[in-house]
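The values are calculated or read from the model by the stated rules, or taken from the named source; none is laboratory data. Everything numeric here is computed off the predicted structure, so don't read it as measured data. As a convention, Cβ positions derive from the backbone with ideal geometry for all residues, glycine included, and neighbour counts pool all protein chains shown. In case anyone asks, the SASA skips ligands and DNA or RNA and just uses the protein heavy atoms, side chains included. Shrake-Rupley method; radii C 1.70, N 1.55, O 1.52, S 1.80 Å.
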Amino acid sequence: MNELRRPASGLFLSAFSAGLDIGFGPLLMAAVFTLVSGAWSDPLTSIALANLYSVGFIFVVLGRSELFTEHTTLAVLPVLDGRASISDLGHLWGVVYVGNVVGGVVFAGIAVTVGPEFGIADTAAFVELARGLTQHSLWGLMTAAVLAGWLMGLLSWLVAAAQETISRTFFVWLIATTIGLAHLPHCIAGNVEVLMGLLAGSEVGFLAYGRFLAVSTVGNAVGGSVFVALLKYGHVVRGGPGV
């Protein structure tokens with residue numbers, strides 16, 4: 001309810017910050033991919049990259065910045081309970097989503113400029129990470145995005161229930177690493193990944209970027225809203241006073 005009532009300017013700045021901060025995960029992935037490419041086995045590289053993927057989420061969630069995929073669950077609950085309207089939810093989603101995407105665009109531009117210049121990551125690494133998210137069928141991408149949104153909904157649910165920073169960090173690491181290891185499309189972190197590949201080379205085009213962003217956004221929203229918010233709310237309100 002506090003987030004739904006928060007002024008748009010504050011929401012946007014927090015969301016913009018989240019879009020910037022989450023980019024450190026994909027940047028570290030590209031850096032390590034550049035370092036170990038050809039030296040490590042594919043399974044070991046995938047495990048390492050999945051763990052690095054979680055870094056950006058830890059920065060965002062523990063830093064209490066606004067992330068669109070968290071609000072696909074918790075912000076839906078007041079609407080289901082009749083204490084907020086759908087327009088309130090739409091306003092929150094719209095402001096946070098735009099802030100996240102704009103922040104990701106800025107970070108991607110910085111990363112692609114600074115990465116090769118300072119030897120942090122090769123342009124080929126940016127392109128390879130982007131291709132891993134864009135070379136899928138429409139329905140395959142949608143289904144995977146629903147799973148990612150489902151996991152992010154569980155993350156927001158678990159973090160809200162956690163009492164200590166250590167337990168919150170563990171939950172963020174667990175969920176984000178799972179998404180990274182399964183290569184599931186997250187519309188905000190993936191926005192940075194795909195856009196870095198788009199800016200770094202010609203193999204990823206604007207059409208592929210737009211397709212990824214649109215499909216992953218819808219899938220993430222469905223996963224968090226339906227498979228977590230709606231089901232969790234349903235079992236709580238129907239579970240009796242002891243639940």
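When a 1.4 Å probe is rolled over the protein heavy atoms, the share of accessible surface on the chain that falls to carbon and sulfur comes to 68 percent. What angle, in degrees between 0 and 90 and rounded to the nearest 10, separates the Cα long axis of helix 8-21 from the longest principal axis of the Cα atoms of the chain? Here the helix axis deviates by roughly 40 degrees.
Restricting to Cα pairs below 8 Å that are 6+ residues apart, what does the relative contact order work out to for segment 44-131? Please round to a whole percent.
18
Rounded to the nearest 10 degrees, the inclination of helix 123-134 to the longest alpha-carbon principal axis of the chain is 40 degrees.
GNM on the chain, alpha-carbon springs under 10 angstrom: the most fluctuating residue among Pro78, Pro43, Pro26 is Pro43. In this Cβ point-charge picture (+1 for Lys and Arg, -1 for Asp and Glu), the chain has a dipole of about 640 debye about its Cα centre.
Relative to the longest principal axis of the Cα atoms of the chain, helix 138-161 runs at roughly 60 degrees. Hey, how much of the P(r) for segment 26-72 falls beyond 11 Å, as a percent of Cα pairs? Summing the P(r) of segment 26-72 above 11 Å gives 69 percent of all pairs. If you build a Gaussian network model of the chain, linking Cα atoms that sit under 10 Å apart, which residue out of Leu11, Leu213, Leu62 swings the most? Comparing Leu11, Leu213, Leu62 in the GNM, the peak value goes to Leu62.
Taking all protein chains into account, the per residue accessible area for the chain stands at 46 Å² (1.4 Å probe).
Build a GNM of the chain with springs between Cα atoms under 10 Å: which of Gly103, Gly140, Gly149 gets the top mean-square fluctuation? Looking only at Gly103, Gly140, Gly149, the biggest GNM fluctuation is shown by Gly140.
Would you kindly calculate the translational diffusion coefficient of segment 19-176, applying Stokes-Einstein with the Kirkwood radius from alpha carbon pairs, for 37 °C and a viscosity of 0.692 mPa s, and quote it in µm² s⁻¹ without decimals?
Values: Rh = 17.2 Å.
The diffusion coefficient I find is 191 µm²/s.
Taking all protein chains together, Trp139, Trp40 sort by accessible area into Trp139, Trp40, largest first [probe 1.4 Å].
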